[in-house]
Amino acid sequence: MTYLAKPKLHHPSLTRNAVGYTRRDYEGKVSTLCAGCGHDSISAAIVQACWELDVEPHRVAKLSGIGCSSKTPDYFLGQSHGFNTVHGRMPSVLTGANLANRDLLYMGVSGDGDSASIGIGQLVHVIRRGVAMVYIVENNGVYGLTKGQFSATADAGSVSKKGIKNADEPINLAALALQLGATYVARGFSGDKQQLVPLIKGAIRHRGAAFIDVISPCVAFNNHAGSTKSYEYVREHNEVVNRLDVIPCKSEITVQYPEGSVVDVEQHDGSVLRLRKLAADYEPTDRIAALNHVLAHEARGEVATGLLFVDAGAGDLHEHLNTVATPFNRLGARELCPGSAILDRINASMR
Amino acid sequence: MSAPASLAAVNDFVVKFANVNGSGSASANELFAKSILRMGVPVSPRNIFPSNIQGLPTWYEVRVSEKGWLGRRGGVDLLVQMNPQTWAEDVVELAPGGYLFYDNSKPLPLSRFRPDVNILGMPLTEICNRTYSDPRQRQLFKNILYVGGLAWLLGMELPVLEKLIGEQYKSKEKLLAANIKALNLGYEWSRENLEPLGLQVRRADAVGDRIFMEGNTAAALGCVYGGASVCAWYPITPSSSLAEAFQTYCKKLRVEPETGRNRYAVIQAEDEIASIGVCLGAGWNGARAFTATSGPGVSLMTEFIGLAYFAEIPVTIIDVQRGGPSTGMPTRTQQADLLSCAYASHGDTKHVLLFPEDPTECFEFAATALDLADRLQTPIFVMTDLDIGMNQRLCAPMKWDDARELDRGKVMTAEELEAGRDFGRYLDVDGDGIPYRTYPGTHPTRGSFFTRGTTRDAYARYSEKGPDYVYNVQRLLRKFETAKSLVPAPVVQQSDEKTPYGVLYYGSTSPAMAEAVEELDAHGKPLDTMRLRAFPFPLGVREFVLSHEQVFVVEQNRDGQLRSMLINEFDLDPARVVAVLHYDGTPITARFIADAIASRMKPVRVMPLAGRAA
Ligand SMILES: Cc1ncc(C[n+]2csc(CCOP(=O)(O)OP(=O)(O)O)c2C)c(N)n1
Ligand code: SF4
Ligand SMILES: [Mg+2]
């Protein structure tokens, strides 16, 4: 049932955004995931974020690894090129794709098995390099696709559906991303679209390595009592540190905000991230404070969500490598090949 | 003790330098080799070095051959012994009547010498200690000093050496003067104390316009000329200097003049998996990308290689082969990655391999590989090795045709899509097995597709249906057929007389083979030769085998890997192809090839080979 086409007739009430697309234009194939899978909600949030930000679908490249989560790029942005790579190695492919054409938006979608187990090395290095991307981990604490084995984000002591107890310590991906130098770090919950859509929008507007850890319950293998990645658990233990609104560049700021602590962070492209702080002590531009906050909550059994850290002036890999403005894939022989006269000189120097 | 006989030869001998790694001998030895070249006499130097940075033994073997034989000869005529650690094993290698040059600052017991070789002592340490106060200079100038000493002994032209030093230290006046002084000091001491040897270098005109360069440098330049803009790599001997050379050349040749910004990106990745992943991403997105590695790296890359094969993504992999398996002999040469590259990754896979014979072909084939990768939308391997990659080799100058364009293969443009051209990513429109692709971001509503390693139909839609799968893998076979007409063709050389014997070889075996064929021919054993330059093999290869009674397949690996591929691809009778295998990590020699072939020729005729003492 993977390629049952959806009716493409546009409902007249579907409004068009500034670039002329309806929300439907951002959808993809019909999902083949289990009904109620958190991953599908994340796909919907991506669709909404792209539509609201007037992102042209074909200017997005979607990349993923292998897993239920990694299948999802087929289920959103059907007009974009997608690349389902190999298990755990999406980050390197995304890095190369980004080098080849700096003008596209790179969206990497992965799972906790993909990113925290087999692919943790690549996750680490893609962040270190500051590749401009939106990297989303759909984190359910299990290997969904291979039917419920533990991943490296499963809590120590948690029990699988098959009754096996996990003795290994979990990896806190948000903390890891903070430590590695990601310049935009957020955590969301697939069941809280209100919070998730702005987090994705902020990441899209960010120039640099943007990382979002999204708790995304697996209804088939990890939604039972005692699981810290279940709907139930996250709803009860979610400590929202802030509420984010993304105000695209040059648009009038008209949204009304309630009283309280509000922080505006202007990003590179002129867009504004407006943070309504819920935790009074929270400082989203201080990496160390953010790390402390995340770990302190973890120690209390709470999941800190929201925009955890942003460095609005971040640079990216292209800046570090001082590459030309023209995408590499548009350079031809004239720009790339030094020609025979220079080769003759090189020959002469070799005699 | 009677005086030993003395070897006598002009422009035809082997000098071996035995040094300690990290002692600064490398540049002095290179100076020695290059100055002979400048006198118009071909040389072929080879580094024999350990997997170590400082302290372990290292050798530099220079074959001087006016006839132009560039393969390793075997045997040593003059030993420059600068490393007490290896004294005993080095001295054994010397030919009777050969020469042993050493630092005699400290006396050595007679028992350490051989009565049948000539002893040449030069008090290098003593002269250095007398002349220099800085301990570093004392060590470094010892090397230049012995070059000066050898210049006198071998009749080399001092002004040639001085000119070379001048070129090397062009902008460093102080170093230049000090080096020239040390060179002359050595020369003068030698002239006053020693007689010239029976081995002499005499000015000739046998070099022509050839250049002297390492294969890795040449391959790096091939990637620059071939339009690679992305290089991702992970350090591994003997390939590291390739990626490093790419970066060095790009710094000079790939900077946008108006902005000072780079038209290239080099990523030193966290491992080889990431290296090839980066290349795949770049290739998928329309930039030319390559990685340089060696056997262990290819092993790590195999999952991605399968993806590139099946999802049809261009990528160029330069495998500078070393001794395997496992870490094997990291600083020794072999041709032992053929099977692991040709059929890399799980499932039914086959990949295109190119076999350069020397730096010139490293340059050409690197650029060709980038074109082929785009044209065929698949991984292309350039199978070079340590012998070619890390030794300076005398070879034809590199050539480039300025009219040459980058062949980007079948890429559908926005205009074509707009005009309504049907686009099926895996549709065989032209019957050559090669489908069309689009770069991401080309058109707002047409031409996008989902790339995956799972089965799909001709329109890139996920499918596990048998016929869809079979369509695809059959098409991949058609594409492999198409490759046969696009890869560099074999080079055939017919002997003057008709002969039932043929020989197949490839890559770095070339120079030794040329010499062996001449030697066999001189002994009434003519051979037709075919040098393979690529896999898949064109049909002509099969005909070559079938038109000879006995065909020798000469390789530098244990298992006869190319031979297996020939048998496998052409369904050949294994008895027709006789393996001649050399795999101890040293470069194959003409003597070895000639002996092995002569002794296996049917009917076996015992024939003495005029070999030099070894
Ligand atoms: C090299 C390799 N090993 C194992 C697998 C099998 N495999 C497929 S998906 C998966 C785990 C996916 O887990 P996760 O990334 O958390 O995704 P989820 O299904 O939970 O969304 C595994 C082990 C594979 N595809 N490739
Ligand atoms: S197995 Fe789990 S992760 Fe996979 S689709 Fe079903 S609910 Fe989602
Ligand atoms: Mg998972």
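The table that follows gives values for the structure above.
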| read-out | value |
| --- | --- |
| Inter-label distance for B:ASP422 and B:LEU546, nm, one decimal - labels placed 7 Å from Cα along Cα-to-Cβ | 3.8 |
| 10 Å binning of all Cα-Cα separations within the range B:173-230, expressed as whole percents from 0 upward | 15, 20, 27, 23, 11, 3 |
| Pairwise FRET efficiency - A:GLU169 versus B:ASP134, Cβ, R0 = 51 Å, nearest 0.05 | 0.40 |
| Kirkwood hydrodynamic radius of chain B, from inverse mean 1/r over distinct Cα pairs, in Å | 26.3 |
| Three principal axis lengths of the range A:1-155 [C-alpha, angstrom, descending] | 46, 36, 24 |
| Solvent-accessible area per residue for chain A (1.4 angstrom probe, square angstrom) | 39 |
| Folded to 0 to 90 degrees: helix A:340-349 orientation relative to chain A principal axis, Cα | 90 |
| Largest-first principal axis extents, alpha carbons of the range B:491-600, Å | 35, 33, 23 |
| Under 5 Å, built H, 5+ apart or other chain: amide partners of A:GLU266 | A:LEU273 |
| Those GluC sites (Glu not before Pro) in the range B:351-440 that DSSP places in a loop and that have at most 15 other beta carbons within 10 Å | B:GLU405 |
| The range A:304-332 residues near the modelled B:VAL255 label - backbone nitrogen below 14 Å, point 7 Å along Cα→Cβ | A:322-324 |
| Gyration tensor (Cα) of the range B:204-310, equivalent ellipsoid semi-axes in angstrom | 26, 20, 12 |
| Exercise: per-residue mean of other protein chain Cβ atoms within 10 Å, A:100-107 | 4 |
| Under 17 Å from A:LYS229, Cα to Cα: aspartates and glutamates that are on another chain or at least 8 residues apart | A:ASP40, A:ASP112, A:ASP114, A:GLU138, A:ASP155, A:ASP168, A:GLU169, A:ASP192, A:ASP213, A:GLU239, A:GLU298, A:GLU302 |
| Computed label-point distance, nm, for sites B:ALA204 and B:LEU300 using a 7 Å Cα→Cβ extension | 4.5 |
| Cα-based Rg of the range B:108-184 normalised by 2.2 N^0.38 Å, two decimals | 1.29 |
| Residues of the range B:345-422: accessible area per residue with a 1.4 Å probe, Å² | 33 |
| Peptide B:140-151 - average C-beta neighbours from other chains (10 Å radius) | 0 |
| A:ARG235 paired with B:ARG478, simple spin-label distance in nm, labels 7 Å along Cα-to-beta-carbon | 5.6 |
| Hz values of 3J(HN,Hα) by residue in the range B:138-143 - Karplus curve (6.51, -1.76, 1.60), Gly and Pro given as x | 4, 6, 5, 6, 4, 5 |
| Chain B - percent of accessible surface contributed by carbon and sulfur, probe 1.4 Å | 53 |
| Largest to smallest principal axis extent of the C-alpha atoms in the range B:28-100, angstrom | 35, 31, 19 |
| Förster radius 35 Å - calculated FRET efficiency between B:ASP559 and B:TYR469 (Cβ-Cβ, nearest 0.05) | 0.60 |
| Potential lengthening between A:ASP103 and A:GLN149 on full extension [0.36 nm per residue; Cα-Cα distance subtracted] | 12.7 nm |
| Ratio Rg/Rh [Cα only; Rh per Kirkwood] for the range B:213-395 | 0.94 |
| Among the listed pairs B:LYS34/B:LYS350; B:LYS252/B:LYS350; B:LYS163/B:LYS252, those beyond 30 Å (Cα-Cα) | B:LYS34/B:LYS350; B:LYS252/B:LYS350 |
| Pairs from A:LYS29/A:LYS201; A:LYS201/B:LYS251; A:LYS147/A:LYS277; A:LYS62/A:LYS193 whose Cα-Cα separation, in the structure shown, is over 29 Å | A:LYS201/B:LYS251; A:LYS147/A:LYS277 |
| Viscosity 1.567 mPa s, temperature 4 °C, Stokes-Einstein D of the range B:283-342 from Kirkwood C-alpha radius, µm²/s | 105 |
| Binned Cα-Cα distance frequencies in the range B:2-57 - 10 Å width, integer % | 19, 41, 28, 13, 0 |
| Rounded D (µm²/s) - the range B:9-200, Kirkwood Rh over Cα pairs, Stokes-Einstein at 20 °C, 1.002 mPa s | 128 |
| Burial order of peptide ranges A:289-295, B:490-496 (average beta-carbon count within 10 Å, highest first) | A:289-295, B:490-496 |
| Charged-residue dipole, Cβ positions (Lys, Arg, Asp, Glu), the range B:177-226 about Cα centre, Debye nearest 20 | 60 |
| Accessible area buried, both sides summed, chains A and B with 1.4 Å probe, Å² | 5500 |
| Normalised per residue, the volume of the convex hull around the Cα set of chain A (Å³) | 177 |
| At 0.890 mPa s and 25 °C, Stokes diffusion of the protein assembly as shown via Kirkwood alpha-carbon radius, µm² per second | 79 |
| Net lengthening on full extension, B:LEU56/B:ASP402 (0.36 nm per residue, minus Cα-Cα) | 119.9 nm |
| Radius of gyration and maximum dimension Dmax of the range B:410-487, Cα, Å | 13.1, 37 |
| Other protein chain Cβ atoms within 10 Å, averaged over every residue that makes up B:283-296 | 4 |
| Sites A:SER349 and A:ARG24 - FRET efficiency at Förster radius 60 Å, r taken between beta-carbons, to 0.05 | 0.45 |
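The values are calculated or read from the model by the stated rules, or taken from the named source; none is laboratory data. For clarity, every value in this text was computed on a predicted model and none was experimentally measured. Glycine gets a Cβ as well: all are built from the backbone with ideal geometry, and neighbour counts include every protein chain shown. All accessible areas refer to the heavy atoms of the entire protein, side chains included, with ligands and DNA or RNA removed. Shrake-Rupley method; radii C 1.70, N 1.55, O 1.52, S 1.80 Å.
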